[in-house]
Amino acid sequence: MKGFLLVSCWVFLVSVSAAGAQNTTVNGAKTFQTIHGLGVNANPQSWNLNPEAVKKVLDELITGVGCTSFRLMFDDCDWEQVNDNSDPHSYNWKYYDSVYSAPRFTCVWNTIRYLNSKGITDITLSPDGAAPSWMGGTTLSPGKEEEYAEMMASMVYYAKKRLNPPVQFSMLSPVNETTCGGNEGAAMTPNQFGTVYSAIATHLIQDGISDVTLIGPDDCNGWAGNFQAMLANKTTMSKLLRFGQHEYGDHLRKGEEMVTAVRNSAYPDREVIMTEINAVCKNCDEAAYNSDYGFDNYAGPAYKFILQHLNLGVTGIQVWEAYDSQYHHPHRTLTWSMWGIFGVNDIKHPDVYTRRTHYYVLQQLFKFVKPGFKRIDNSTSLTNMTISAFHDTASGTIVITGVNDSSSPQTMQCRLLNLPAVRKLKYYFTDASHNFMQDSDVPVGEQAFSKLIRAKCAFTFVGEGGTPVGTGRTGKEAMGLSMGSGPAAALGQKFQIDPRGLGRDGVQKVAVNSTNDADTRNAGARVSTLLTGNSSFSAE
C-alpha cells in the first residue's frame, strides 16, 4: 500500500510540475499537411546481381524502418538505342517489347513486383542519365522532345498494359536534375522540359493510364524555370498531383521556396515531396565511404533536416538512398554510390551489407507516422530543439518526435491541447551510443508530461495505439534474414546483414557468421532491445 501511495504521489507531482512549468505545447486543433508517404530511393538494377539480397533489404526497409514510399532510380535514359519509328505518337511494339523484356528492365519489374507483394504501391519510376545519342546524349537536341516523351510513355504503357501480370506504381519522374549540366539527367531548356512533360501527359491520357501521375521537376538549383513550365501547361497539370524537390546538407531554401510557390500558384492543392533528401555524404558519389556515418555528424543532422522539411509543409520524404549501389551518374561511368542506409562492406566483393545509423534514426519517424497522418502545431521555448508532431484521427495516435541538438540534456515539460486523452506515452531514442532504444513509458496526467531528453539525440513519444510496425510490446524485433543466390552466389558471394551493434562511426564491425549466442550478447547492450534469435543470417 505504501508503495502504491508513493507511485501515485510521484505521478501526481510529475503531472503538476509539467502543467505548471510547461516549455512545450502540442496542439491538435491546428493542423497542417496530410502525410503522403515516407521512404527511400532504391536502385532496382541491384536485382540483377543478387535478387535474394535485394528482397531481404527491402523487407528490412519495410518492416524494420517502416518505409511506405519508394522511388526507383535507374540509369541511363538511353534504352531506345535506335528510333522505333518515325512517328513519336505511335509505339512500335515489336521493337519496344524486345527492350522491356530484356534484363535491363526485368530487374525494374521484379523489384516493383516484390514491393507490390509487400503491399507497397507508392512507387515512383525515376530513370536518370543521358538520353540516346541520336537524341543528343547528355544534352537533349532541339526537336527530340516528342521522341524522348514517347520513350518514357512506352515504358509506362508496357508495365501497365503489356507486362503480364502488370505491376503497380503510381508516379513517373521522367527527367532527373536536368539543370546539373548533363551529369545527371539530360540537360534541356525550360521550354524543352515543358514540352517533354506535356507530351508524356498526353500519352498517358490517350493511353488510358489513369493510375500513374507525373512528378517533377526533381532538379538542382535551376529548378524554378522547369517548375514554371510545368505550371503553365494545363495538360501537364491534369496529370500531376505532386511536385518533387531535392536538397542535401542543411539548407531549407529550395524546399521552402517550392512549398510557397505551390501555395501561391493556380494549383494550391498540389503537394510537395522531397524526392531526394539527406545530409551531405562526403565523397560518397566517388565510390568512397563517408568518414563518419554515425549519429552526431551524419544521421542526426539528416534526421533534423527531414523534420525541418516536414515542418515547412512537404507531404513526403524519400531519403537518398536505400543501399550502396552502382550508377552511371554523375560521372558517366559505372561507379559505386556509398550513401546507403545499408552499406556494402567491400565493393570488389559485395557479399555483406550492414545497417548504418540512418536505419535506426529513421525508425524514430517512419515506424510511427503513416500515410494519412496529419502534422499538427507545436511550439517550444527549449533551445537547440527541433520538434515535429503528428496525429491520426482514425486511431487516435499521437506522435511527437524531434532532435535535441544541445550538448546538455533538456527537460521537456509538454502540454497536449485538443488531442485525445492519454495516460502514458511510449518513448524511443537514438544517439551516438544507442540505436532506437525503447525507454520507460512516460506518464501523462491532465494532458501534461515531463521528460528529460538526452543531449545530442533523436527522440519520439507515441501515444494511443502507437505500437510500432513490426515490433511487439517490448519493442523487440524478431529478424530472420537469409541472403545470397543468383549470379553473385554463383561467384561464391553471399549477401548477409549483420544485425549487431554499430560503432560510433555508424559502421557495424562484427563479422556476420557467428552462431554463438554469447557473441551476440557481447556485441553490445545498446542493441539488446532490438534483436532476438540466432545471429547468423546466410543464404545457405
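The values are calculated or read from the model by the stated rules, or taken from the named source; none is laboratory data. Note that the structure is predicted; figures quoted are calculated from it, not measured. Here Cβ is always computed from backbone atoms with ideal geometry, including for glycine, and neighbour counts include all displayed protein chains.
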Does P420 count as outside the structural domain of T25 (by TED's automatic domain parsing) and either at pLDDT below 95 or in contact with a Ser or Thr (Cβ under 9 Å, 6 or more places away or on another chain) (or both)?
no
Does V272 fit the bill of being within 17 Å of the chain's Cα centre (by Cα), surrounded by fewer than 19 Cβ atoms within 10 Å (Cβ to Cβ), at pLDDT 95 or above and in the same structural domain as F193 (by TED's automatic domain parsing)?
no
Which of the residues belonging to region 346-381 are in contact (Cβ under 8 Å) with a residue 40 or more places away in the chain and surrounded by fewer than 18 Cβ atoms within 10 Å (Cβ to Cβ)?
I347, H349, P371, G372, K374, D377, S379, S381
From the list T195, T124, T139, T178, pick out the single residue that is in the same structural domain as D59 (by TED's automatic domain parsing), out of contact with any Lys or Arg (no Cβ under 7 Å at 6 or more places or on another chain), under 22 Å from E276 (Cα atoms) and of a type in the set (S, T, Y).
T178
Lone qualifier among N297, N264 - being surrounded by 16 or more Cβ atoms within 10 Å (Cβ to Cβ) and without any contact (Cβ under 8 Å) to a residue 12 or more places away in the chain
N297
State whether the residues of region 37-44 include one that is among the hydrophobic types (A, V, I, L, M, F, W, C) and surrounded by fewer than 23 Cβ atoms within 10 Å (Cβ to Cβ).
no
Considering region 390-420 alone, what residues qualify as being among the hydrophobic types (A, V, I, L, M, F, W, C) and in a loop (DSSP other than H, G, I, E, B)?
A394, L419
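For residues that are among the aliphatic types (A, V, I, L, M) and surrounded by fewer than 22 Cβ atoms within 10 Å (Cβ to Cβ), scanning just region 156-183, find the one that is nearest to G37 (Cα to Cα).
Across region 156-183, the extreme among qualifying residues is V167.
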H329, sole failed condition from (1) more than 22 Å from V352 (Cβ to Cβ); (2) modelled with pLDDT of 95 or more:
(2)
Evaluation of I317 against (1) among the β-branched types (V, I, T); (2) under 13 Å from the mean Cα position of the chain (by Cα); (3) surrounded by fewer than 24 Cβ atoms within 10 Å (Cβ to Cβ) (one fails), failing number
(3)
Q410: passes all of (1) surrounded by 17 or more Cβ atoms within 10 Å (Cβ to Cβ); (2) within 29 Å of A394 (Cα to Cα) but (2)
Every residue from region 190-222 that is surrounded by fewer than 17 Cβ atoms within 10 Å (Cβ to Cβ) and over 13 Å from V156 (Cα atoms):
N191, N221, G222
When D97 is evaluated against the numbered criteria (1) more than 23 Å from the chain's Cα centre (by Cα); (2) crowded, with 18+ Cβ neighbours inside 10 Å, which criterion, by number, is the only one it fails?
(2)
Inspect region 64-73 for any residue being under 17 Å from the mean Cα position of the chain (by Cα), in the same structural domain as L334 (by TED's automatic domain parsing) and at pLDDT below 95 and give the result as yes or no.
no
Keeping to region 188-239, report how many residues are on the phi > 0 side of the Ramachandran plot and out of contact with any strand residue (DSSP E or B) (no Cβ under 9 Å at 6 or more places or on another chain).
1
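From the residues in region 117-129 that are in a loop (DSSP other than H, G, I, E, B) and either touching a Leu at 6+ places or on another chain (Cβ under 7 Å) or at pLDDT 95 or above (or both), which one is surrounded by the fewest Cβ atoms within 10 Å (Cβ to Cβ)?
Here the residue is G119.
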Being at pLDDT below 95, surrounded by fewer than 22 Cβ atoms within 10 Å (Cβ to Cβ) and within 26 Å of Q318 (Cα to Cα) narrows it down to one residue among T471, T397, T386; which is it?
T471
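Would you mind finding the one in G249, G255 that is on the phi < 0 side of the Ramachandran plot and in the same structural domain as Q308 (by TED's automatic domain parsing)?
The match here is G255.
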Residues in region 151-171 that are among the polar types (S, T, N, Q) and within 25 Å of the chain's Cα centre (by Cα): how many?
2
